[in-house]
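See structure below.
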Amino acid sequence: MNAILYDVSLPINCVLKDTYKINEIISSSKLSIVYRGENLDSGEQVIIKEFYPSDIALRDLDNISVINRLPSTKEKFAELKENFLHEAVLLQQIVHKNIVRYLEHFQENGTIYIVMEFYEGMLLHQYVKKYQLDNRDQLYKSIFLPLIDALDYLHNKGILHRDIKPSNIIIDQEGSPQILDFGSAVFYKAATAHKIFTSPGFSPLEQYSDKTQQGVYTDIYSLAATFYYALTDVVPMDVSQRVIEDGIKNVRQYNKKVSFIMAQAIMWSLTVNAKKRCFSLKFLLLTILSESIVIKIKYYFDYNNK
């Protein structure tokens, strides 16, 4: 995310659809502004994502309506708006306990708003700091397994998220992860081309091209990169720097507590060449389940040998 666009965001207390009051500006990107809002009918806290392509848009004289800035970008504005609408339609079809819950979307003020459930919690990159590096195995069952289940659910519906990373995962107050931001998600089985969208350190090589085939292995790379970060506090070397000479360090070089098997599964999933990469979430699932059993046995003997 970029610096929050306070100067062009909706004013606090602005009401949308005669229902949602804007309470706080949370974040912004080149394509949208995210707010915390309140449903005036129910009192429920919500997240409101507003389509606002900052490079080509501006507020009208009412400081609320969104308009295209120049005639030369009219088509681009319309294309981006259609993409934003696609995100809303896609979210409508997703119901999973570890994926942000869609509430509704609507068009108003010349733009589109997506309303989602509000989660009180911490983003993953903040949450992992609660644990010392040698104690991160606690994340396997509580964080890693639910994320694998959520991604498997998406893939079974023919959806690629394409932007799994720590800042797109929030850990709610119950300690459960919720996957956020479906702005780059696609129905990959029907797509003939993919828009280029990358996050340094977390995107695989195939996302650097709009013609390269993408599949389950694409999200597996990003998920493994997220696991890598969660276990080391280190963002993996960006794939663009690994093409000629792959200098990525094994996860165990940063955290010896990670087992050889777990490290091998993560590094296999981070393979640059998609054809040689881990191709099924089941491998990661089985690895984590086996690790959890080993950890339980170890803790049992450590406790009883005191």
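The values are calculated or read from the model by the stated rules, or taken from the named source; none is laboratory data. Bear in mind that the values here come from a model prediction, so they are computed numbers and not experimental data. Glycine gets a Cβ as well: all are built from the backbone with ideal geometry, and neighbour counts include every protein chain shown. Heavy atoms of the whole protein, side chains included, go into the accessibility calculation; ligands, DNA and RNA do not. Shrake-Rupley method; radii C 1.70, N 1.55, O 1.52, S 1.80 Å.
Brief remarks follow.
- Panel note: the C-alpha atoms of the stretch 44-172, placed on their principal axes, show extents of 56, 31, 31 Å (largest first).
- Among the listed pairs Lys30/Lys249; Lys189/Lys282; Lys275/Lys296; Lys189/Lys256; Lys74/Lys157; Lys165/Lys249, those beyond 30 Å (Cα-Cα): Lys30/Lys249; Lys275/Lys296; Lys189/Lys256; Lys74/Lys157
- Excluding same-chain neighbours fewer than eight residues apart, the aspartates and glutamates reachable from Lys97 by a Cα-Cα span under 14 Å are Glu117, Asp149, Asp152, Asp172, Glu174.
- The accessible-area ordering, largest first, of the residues Leu133, Leu151 stands as Leu133, Leu151, per a 1.4 angstrom probe.
- FRET efficiency estimate (nearest 0.05) - Cβ-Cβ, Leu85 to Leu58, R0 25 angstrom: 0.80
- Thr198 accessible area, 1.4 Å probe, all protein chains in place, Å² to nearest 10: 50 Å²
- Computed over the stretch 239-287, the P(r) curve from all C-alpha pair distances, binned at 5 Å from the origin, holds 5, 20, 26, 24, 18, 7, 0 percent per bin.
- Spin-label pair Phe197-Lys249: with each label point 7 Å from Cα along the Cα-Cβ axis, the two points sit 3.2 nm from one another.
- Within the shell defined by Cβ-Cβ distances under 10 Å, the residues around Thr271 carry a net charge of +3, with Lys and Arg each +1 and Asp and Glu each -1.
- At 1.567 mPa s and 4 °C, Stokes diffusion of the stretch 84-151 via Kirkwood alpha-carbon radius, µm² per second: 90 µm²/s
- Residues of the stretch 209-231 with amide N under 13 Å of a point placed 7 Å along Cα→Cβ from Ser240: 209
- Sequence ranges 243-252, 83-92, ranked by mean other-Cβ count within 10 angstrom, highest first: 83-92, 243-252
- Taking all C-alpha pairs of the chain, those more than 34 Å from each other amount to 27 percent.
- Averaging the Cα positions of each part gives two centres, and for the stretch 1-67 and the stretch 185-213 these lie 28 Å apart.
- On Cα atoms only, tilt of 216-232 relative to the major axis of the chain in degrees: 70 degrees
- Phi-derived couplings, Karplus 6.51 cos²θ - 1.76 cosθ + 1.60 at θ = phi - 60°, listed residue by residue for the stretch 177-184: x, 10, 7, 10, 6, 9, x, 10 Hz, with x used for Gly and Pro.
- The angle between the Cα long axis of helix 260-269 and the main principal axis of the chain comes to about 40°, on a 0 to 90 degree scale.
- Residue among Tyr127, Tyr217, Tyr228 with the largest mean-square fluctuation in a Gaussian network model of the chain, springs linking Cα atoms under 10 Å: Tyr127
- Euclidean distance of C-alpha centroids, the stretch 270-295 and the stretch 105-178, integer Å: 19 Å
- Cα-projected label distance for Leu286 with Gln264, points at 7 Å along beta-carbon direction, nm: 1.2 nm
- Only helical runs count toward this figure. For the chain, summing -39,500 (n - 2.57) over DSSP H runs of n ≥ 4 and dividing by all residues gives -9000 deg cm²/dmol at 222 nm.
- Virtual spin-label span in nm between Ile4 and Ser176, 7 Å along Cα→Cβ: 2.8 nm
- Accessible surface area normalised per residue over the chain is 50 Å², counting heavy atoms of protein chains with a 1.4 Å rolling probe.
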